[in-house]
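The values are calculated or read from the model by the stated rules, or taken from the named source; none is laboratory data. Note that this is a predicted model, so its numbers are computed, not measured. Please note: Cβ atoms are built from the backbone with ideal geometry, for glycine as well, and neighbour counts cover all protein chains shown. Accessible surface is based on the protein model in full, side chains and every heavy atom, while ligands, DNA and RNA are left aside. Shrake-Rupley method; radii C 1.70, N 1.55, O 1.52, S 1.80 Å.
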Amino acid sequence: MDEEYDVIVLGTGLTECILSGIMSVNGKKVLHMDRNPYYGGESSSITPLEELYKRFQLLEGPPEAMGRGRDWNVDLIPKFLMANGQLVKMLLYTEVTRYLDFKVVEGSFVYKGGKIYKVPSTETEALASNLMGMFEKRRFRKFLVFVANFDENDPKTFEGVDPQSTSMREVYRKFDLGQDVIDFTGHALALYRTDDYLDQPCLETINRIKLYSESLARYGKSPYLYPLYGLGELPQGFARLSAIYGGTYMLNKPVDDIIMENGKVVGVKSEGEVARCKQLICDPSYIPDRVRKAGQVIRIICILSHPIKNTNDANSCQIIIPQNQVNRKSDIYVCMISYAHNVAAQGKYIAIASTTVETSEPEKEVEPALELLEPIDQKFVAISDLYEPIDDGSESQVFCSRSYDATTHFETTCNDIKDIYKRMAGSAFDFENMKRKQNDVFGEADQ
């Protein structure tokens with residue numbers, strides 16, 4: 001370990017593992033350490049089930065009805081992948097996909113007036129949806145056609161909208177869309193957590209709705225993918241990538257000290273040895289004095305013996321409860337997966353409700369979601385602090401990731417990865433540069 005590295009990475013959460021993989025592919029010498037004996041940090045998948053009960057101090061352990069403990073892989077932080085989103089692009093370009101199998105999530109639903117409805121995102125679905133009346137459907141269909149044809153480089157597609165200055169609120173007004181339609185468009189299609197976006201320039205929202213529609217078009221049932229055996233497979237895939245390119249991994253390795261000289265990181269001390277480095281990447285738990293608390297997220301993991309009502313017995317789905325529907329500032333999310341993804345015993349389902357905490361009684365805040373899941377066999381409640389770095393790392397060369405937010409997809413995590421990469425490398429992250437030069441590692445035979 002007493003060596004010089006370009007980059008040392010602390011923690012094996014997804015953000016850290018992807019950055020470690022990218023840096024290794026870019027020819028950097030990387031040392032990757034984690035104080036835990038397992039991969040994934042905050043975002044690991046827990047197996048067997050007994051381990052989950054222990055983690056939440058439920059000492060009686062799982063009843064026999066839960067089946068074999070080792071059939072379970074329970075994500076602590078559930079998220080889906082957008083089929084056309086940034087993480088899937090990272091997986092494809094780095095070919096980490098060769099280590100993973102994905103299944104399409106069966107449905108995406110939105111909550112309105114106490115009931116859930118399938119999210120309409122194509123013209124055909126919009127016309128068939130019972131979320132809207134007949135005239136509203138036509139207006140919404142027009143809006144979807146406008147978004148699909150919109151090209152920020154071709155003013156002919158703008159229809160009088162200026163992508164940089166017209167607000168999204170004005171675009172909704174132009175198409176005369178009612179409040180319910182605005183709710184599900186902003187929250188279930190554009191996947192915003194709050195309504196702040198309404199007064200921002202509309203380009204970002206239009207691109208988000210396009211991402212949703214393009215992701216949906218790839219597989220048809222929903223725009224989301226989920227890996228078999230749980231999300232814990234993702235960091236491990238990138239860890240393998242890093243190892244192929246000469247990165248060194250050490251699990252179960254305590255970090256005693258981060259060594260600074262003149263305000264700049266020069267190494268990490270562990271068990272009496274020092275590994276030197278030019279740059280350091282880590283999650284907030286390794287540098288508590290360099291992060292600030294930016295809120296809290298509550299996540300309730302629920303084990304069910306039935307699919308969620310009104311989802312056509314889907315064995316996986318997402319439900320978004322827009323904040324307006326339940327008088328909140330931020331949305332409530334439900335992610336549901338099941339035995340079909342090799343993460344639960346036969347006939348069992350895992351639904352995880354999460355939201356940003358707004359009051360002193362967080363469990364009450366997710367009640368609308370829990371009501372949709374009844375009856376619940378077992379609940380595990382986790383309230384986590386959200387941390388963000390207090391500086392950009394340009395002085396210290398210590399680059400800290402943000403905590404995982406309440407959203408049920410990885411787009412915000414990918415933005416953080418690209419942001420850290422830009423600060424470290426001095427240039428924007430370019431997917432094209434990430435394409436693995438096959439021959440340099442595998443030779444021709446492995447093509």
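Evaluated with a Cβ-only charge set (Lys, Arg +1; Asp, Glu -1), the chain carries a dipole of roughly 940 debye about its Cα centre, given to the nearest 20.
At q = 0.08, 0.09, 0.15, 0.17 Å⁻¹ the log10 of I(q)/I(0) for segment 286-430 amounts to -0.29, -0.37, -0.85, -0.98, computed by Debye summation with a single uniform scatterer per C-alpha, solvent ignored. Annotation: peptides 145-157, 117-129, 5-17, 183-195, ranked by per-residue average of other Cβ atoms within 10 Å with the highest first, follow the order 5-17, 183-195, 117-129, 145-157.
What the Cβ-Cβ distance of His306 and Asn262 gives, at R0 = 56 Å and to the nearest 0.05, is a FRET efficiency of 0.40. Magnitude of the charge dipole for segment 350-406, about its Cα centre and with charges confined to Cβ atoms of Lys, Arg (+1) and Asp, Glu (-1), is about 180 debye. How many percent of the accessible area of the chain is carbon or sulfur, using a 1.4 Å probe? Looking at the chain in its full context, I get 46 percent from C and S.
Helix content alone sets the calculated 222 nm mean residue ellipticity of the chain: runs of n ≥ 4 DSSP H residues at -39500 (n - 2.57) each, divided across all residues, give -8000 deg cm²/dmol.
Each residue of segment 357-397 gets 123 Å³ once the volume of the Cα convex hull is shared out per residue. Counted over all Cα-Cα pairs of segment 188-282, pairs farther apart than 18 Å make up 70 percent. Here r is the Cβ-Cβ distance between Asp2 and Glu125 and R0 is 56 Å; the resulting FRET efficiency, rounded to 0.05, is 0.40. Considered as an equivalent ellipsoid built on the Cα gyration tensor, the chain has semi-axes of 37, 28, 21 Å, the largest given first. The separation of segment 166-238 from segment 1-67, counted between C-alpha centres, amounts to 29 Å.
For segment 45-87, the share of alpha carbon pairs falling in successive 10 Å distance bins from zero is 27, 41, 18, 14, 1 percent.
Net length available on complete extension from Asn153 to Asp196 is 12.9 nm, with 0.36 nm assigned per residue and the Cα-Cα distance removed.
Close amide H partners of Leu386, meaning residues 5 or more places away or on another chain with modelled amide H under 5 Å apart, are Ala294, Gly295, Gln296, Val297. Summarising the label geometry, the points placed 7 Å from Cα in the beta-carbon direction at Glu50 and Ile244 lie 3.6 nm from one another. Put simply, the convex hull of the Cα atoms in segment 12-59 casts, on average, a shadow of 3.9 nm². Globularity index of segment 111-179 is 1.22 (Cα radius of gyration / 2.2 N^0.38 Å, N = number of residues). When the chain is treated as a GNM with alpha-carbon contacts under 10 Å, the residue of Arg68, Arg139, Arg55 showing the greatest mean-square fluctuation is Arg55.
Projected label points at Asp313 and Glu60, each 7 Å from Cα along the beta carbon direction, are separated by 3.1 nanometres.
Peptides 29-35, 383-389, 130-136 ranked from most to least packed give 29-35, 383-389, 130-136, packing being the mean of other C-beta atoms within 10 angstrom over each peptide's residues. Per residue, the solvent-accessible area of segment 274-373 (1.4 Å probe, heavy atoms of protein chains only, all protein chains present) comes to 36 Å². Measuring r between the beta carbons of Ser427 and Gln179 and using R0 = 41 Å, the FRET efficiency lands at 0.40.
Rounded, prolate or oblate for segment 212-254? Axes are the square roots of the Cα gyration tensor eigenvalues, ordered a ≥ b ≥ c, and the cut-off for rounded is a/c under 1.5. Since a/c reaches 1.5 and a/b is larger than b/c, the shape of segment 212-254 is classed as prolate. Oblate is the label for segment 57-164, because the ratio a/c of its alpha-carbon gyration tensor axes (a ≥ b ≥ c) is 1.5 or higher and a/b is not greater than b/c. The orientation-averaged projection of the convex hull spanning the C-alpha atoms of segment 131-272 amounts to 15.2 square nanometres. In segment 173-229 the Cα-Cα distances spread across 10 Å bins starting at 0 as 21, 48, 24, 6, 1 percent of all pairs.
Note on segment 1-131: Cα convex hull, mean projected area over all directions, 13.2 nm². Going Cα to Cα from Lys103, which lysines come in below 20 Å? Please leave out same-chain ones fewer than 8 positions away. Output for Lys103: Lys79, Lys89, Lys118, Lys221, Lys348. Straightening the chain between Glu374 and Gln346 buys 8.2 nm, computed as 0.36 nm per residue apart minus the Cα-Cα spacing.
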